[in-house]
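The values are calculated or read from the model by the stated rules, or taken from the named source; none is laboratory data. Since the model is a prediction, treat every value here as computed from it, not as a measurement. Neighbour counts are summed over all protein chains in view; Cβ atoms, including those assigned to glycine, are modelled from backbone coordinates with ideal geometry. Each accessible area value is taken on the protein alone, full model and side chains, heavy atoms only, with ligands, DNA and RNA left out. Shrake-Rupley method; radii C 1.70, N 1.55, O 1.52, S 1.80 Å.
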Amino acid sequence: MTVTPAQLLRGLAVVAFLVAWALLAHVGSAGEGSADLSVLLGVTPIMAAVGLLLWRSRYPLLAGGGNLAMLGAIVWLWPTLRQNVALLFFVQHLGTNLALGTLFGRSLLGGGEALITQLARAVHQGALSERKRRHTRQATLAWTLFFLGNALVSVILWLFAPPSVWSIYANLLSMPLLAAMFAAEHIWRLIVLPPEERPSLAQVARAYRLHSKQTPPANPS
């Protein structure tokens with residue numbers, strides 16, 4: 001797959017943004033820098049995640065009212081959040097990993113297909129070998145354990161280590177650990193699957209977008 005200059009620049013911009021965000025989050029967790037900027041960094045991912053869930057609701061009034069209520073709650077709690085920036089980042093880090101662990105893990109329960117199996121089926125247009133189904137289910141389990149393990153380590157460090165140690169793990173090492181997990185899964189895929197059953201990154205991205213569009217919106221009832 002050929003990477004265009006525009007795609008390369010976009011990728012570099014995303015990496016630069018993530019690095020800057022991690023550094024600012026680390027500084028904020030240490031109680032340095034602008035408290036308001038730190039709170040903004042802490043609440044934005046939470047607001048985006050909750051807002052996305054509300055937006056996927058079938059009821060526009062519920063989505064609009066929920067978003068307004070969330071915005072009002074953040075404005076009301078802002079002075080408290082400014083005094084508890086490290087706790088805010090802890091809640092964000094813990095909640096993100098628990099949510100992602102739940103997303104992958106719940107697909108392993110019951111009689112449904114594992115999440116990565118669903119994505120692979122979208123890539124291969126429904127045709128999956130038994131070897132591919134087994135691998136994708138194992139990969140889904142591996143990602144589940146990765147996110148839940150991250151959450152557990154975060155809690156242990158928050159309770160028993162100095163705040164700076166927790167911040168290094170949660171804010172500075174999150175992206176490298178995620179990249180290492182992607183690399184490990186890619187190497188694993190190269191070992192256990194033949195070339196025709198290994199999707200490209202572009203195919204995976206397209207399958208994820210298709211899967212997201214096909215997922216029905218939440219029904220509050």
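Side notes on the structure shown:
This table checks each residue for (1) at pLDDT 95 or above; (2) open to solvent by less than 50 Å² (accessible area, probe 1.4 Å); (3) farther than 29 Å from Leu23 by Cα; (4) of a type in the set (Asp, Glu).
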| site | (1), (2), (3), (4) |
| --- | --- |
| Trp143 | yes, yes, no, no |
| Ser167 | no, yes, no, no |
| Pro176 | no, no, no, no |
| Glu196 | no, no, yes, yes |
| Gln214 | no, no, yes, no |
| Pro217 | no, no, yes, no |
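- When region 38-49 is filtered for residues that are of a type outside the set (Gly, Ala, Ser) and either buried (at least 17 other Cβ atoms within 10 Å of the Cβ) or closer than 19 Å to Trp76 by Cβ (or both), the ones remaining, listed by number, are Val39, Leu40, Leu41, Val43, Thr44, Ile46, Met47.
- Looking only at region 50-78, and only at residues there that are modelled with pLDDT of 80 or more and open to solvent by 80 Å² or more (accessible area, probe 1.4 Å), the one that is farthest from His93 (Cα to Cα): Leu68
- For region 109-132, the tally of residues that are open to solvent by 30 Å² or more (accessible area, probe 1.4 Å) and either assigned to a loop (DSSP other than H, G, I, E, B) or at positive phi (or both) stands at 10.
- Any pair with Cβ under 6 angstrom, 6 or more apart, that starts in region 1-23 at a residue that is surrounded by 11 or more Cβ atoms within 10 Å (Cβ to Cβ) and ends at one that is modelled with pLDDT of 85 or more and assigned to a helix (DSSP H, G or I): Leu18/Met175; Ala22/Asn171; Ala22/Leu172
- Checking every residue in region 26-35 against the condition of being within 19 Å of the chain's Cα centre (by Cα) and open to solvent by less than 90 Å² (accessible area, probe 1.4 Å) gives at least one match.
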